[in-house]
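Following: one structure in structure tokens, then a few remarks.
Taken together, the values in this text are just the output of simple stated rules run on the coordinates, not laboratory data. Every value quoted in this text rests on a predicted model; they were computed, and no experiment measured them. Every residue, glycine among them, receives a Cβ derived from its backbone with ideal geometry; neighbour counts consider all protein chains shown.
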Amino acid sequence: MSFSADFLAEAKKIIDGLDLIAIEKTAQKLADLRSGGGRLFILGVGGSAASASHAVNDFRKICSIEAYAPTDNVSELTARTNDEGWDTVFSEWLKGSKLGPKDALLILSVGGGNLEKNVSPNLVKALELAKSSGATILGIVGRDGGHTARVADVVVIIPTVNPDHITPHTEAFHGVVWHLLVTHPILKTKVTMWESLPK
């Protein structure tokens, strides 16, 4: 088979391997968050930061959930990185937002954060703050899920079907899973544009 065929065959295997119970539990946690008046903070680094920004738009516009991504404010992000350090950039932002027990974090990450390997330490610090604040922790992560999987209330792990393609598949399936969530009937409150147009 060609590389393209192989890559898409891997994607099919990932779909078959997704944990539907974890996805349904995530949907319910988000519905509970909204009904309880909580806020959703979506955290990601690199490509996952772009996904966080997109997901914030969808959760706000389609599901009427108050949602934010710290990486959307590049001025504050770079000021905190410069003045305080990269590892606390999210936790300090969340402190400023008065993260509390009514709120939730949604981590979009390939590895989920790992202090021992110094990978995404800013996610780990944010997770520690969320845990101590009583906030709900949700994740869509790859591989073994790292620190996110260890401390989350619910985590959707994107199955590894080819260890050479963990990052591209995980980042692609962030989008698949959050689009499933914002389309879920217990979360969706608004009809999206193309679906609203006459057939």
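Is the shape of the chain best called rounded, prolate or oblate, per the rule: a/c under 1.5 gives rounded, else a/b larger than b/c gives prolate, else oblate, with a ≥ b ≥ c the square roots of the Cα gyration tensor eigenvalues? Judged from the Cα gyration tensor, the chain comes out oblate (a/c at least 1.5, b/c at or above a/b). Only Lys, Arg, Asp and Glu carry charge here, each on its Cβ (+1 for the first two, -1 for the last two); on that basis the range 3-188 has a dipole of about 520 debye about its Cα centre. Here each label is just a point 7 Å from Cα along the line to Cβ, and for N73 and I15 those points are 4.0 nm apart. Computed packing ranks the peptides 47-56, 101-110 as 101-110, 47-56, most packed first, by mean other Cβ atoms within 10 Å. In straight-distance terms, cross-link reach from K95 covers every one of the aspartates and glutamates whose alpha-carbon lies under 15 Å from its own, apart from those fewer than eight places away in the same chain; here that gives E76, E84, D87, D103, E128.
Normalised by the number of residues in the chain, the mean separation of alpha-carbon contacts (under 8 Å, six or more apart) gives a relative contact order of 24 percent. For the range 1-143, the residue among V119, Y68, G38 whose Cα projects farthest onto the positive side of the dipole built from Cβ charges is G38.
Cross-linked pairs K131/K188; K13/K102; K29/K125; K61/K117; K102/K199: Cα-Cα separations exceed 32 Å for K13/K102; K61/K117; K102/K199.
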